[in-house]
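What follows draws every value from the coordinates through simple rules; no lab data is involved. Worth saying up front: this structure is predicted, and the values here are computed from it rather than measured. Here Cβ is always computed from backbone atoms with ideal geometry, including for glycine, and neighbour counts include all displayed protein chains.
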Amino acid sequence: MEIEIPLSVKVSVDEDQVNINDVVRAIGKVLQETGVHLLKQVLKQWEERTVAALCGGVVTVGHRRKGSRGRDCQGRKGWIRKGETGRERGFTTRLGEMKLRLREMKCRDCGARLRPLLG
Ligand SMILES: [Zn+2]
């Protein structure tokens, strides 16, 4: 997987009495914010590619059949898009806190729902 994210950053430092530590602190803040931004962008693009591949019939994924404990479904009839979750879901990562709405799909065979980012 390769995803390209165009990026522009702005480092803000007060102009009076600036020293190296002030600049390092300002860059650290930008890096932290940029890391979360990049993470969200990469996840959303990866999620869209996965949803497009599954709903376009390019690939499918086996899963637990809805309503049948212990039985698997191979998703052979394909998947349909069900939009995004109503609420944002929070994640704590090494790069920081982030919130995302997750895309959801529904199996045409058994009706099971799948959120690709959650596996
Ligand atoms: Zn299914």
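Tabulated data for the structure shown
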{"item": "Helix-derived mean residue ellipticity, 222 nm - over the chain, DSSP H n ≥ 4, -39500 (n - 2.57), to 500", "result": "-11000 deg cm²/dmol"}
{"item": "Lysine pairs with alpha-carbon atoms under 24 Å apart, the chain, spacing 8 or more or separate chains", "result": "19"}
{"item": "Spatial separation of Cα centroids for the range 12-83 and the range 86-119, in angstrom", "result": "9 Å"}
{"item": "Between 0 and 90°, nearest 10: helix 20-55 axis offset from the chain longest Cα axis", "result": "20 degrees"}
{"item": "Whole-number D in µm²/s for the range 20-118 (Stokes-Einstein; Kirkwood sum over Cα pairs; 37 °C, 0.692 mPa s)", "result": "211 µm²/s"}
{"item": "Residues 73, 107 arranged by fewest to most Cβ contacts within 10 Å", "result": "73, 107"}
{"item": "Footprinting exposure proxy for 9, 51 (fewest neighbouring C-beta atoms within 10 Å first)", "result": "9, 51"}
{"item": "Sequence of 68, 8 once ranked by neighbouring C-beta atoms within 10 Å, starting from the fewest", "result": "8, 68"}
{"item": "Efficiency of FRET from Cβ geometry, residue 94 and residue 13, R₀ 30 Å, rounded to 0.05", "result": "0.70"}
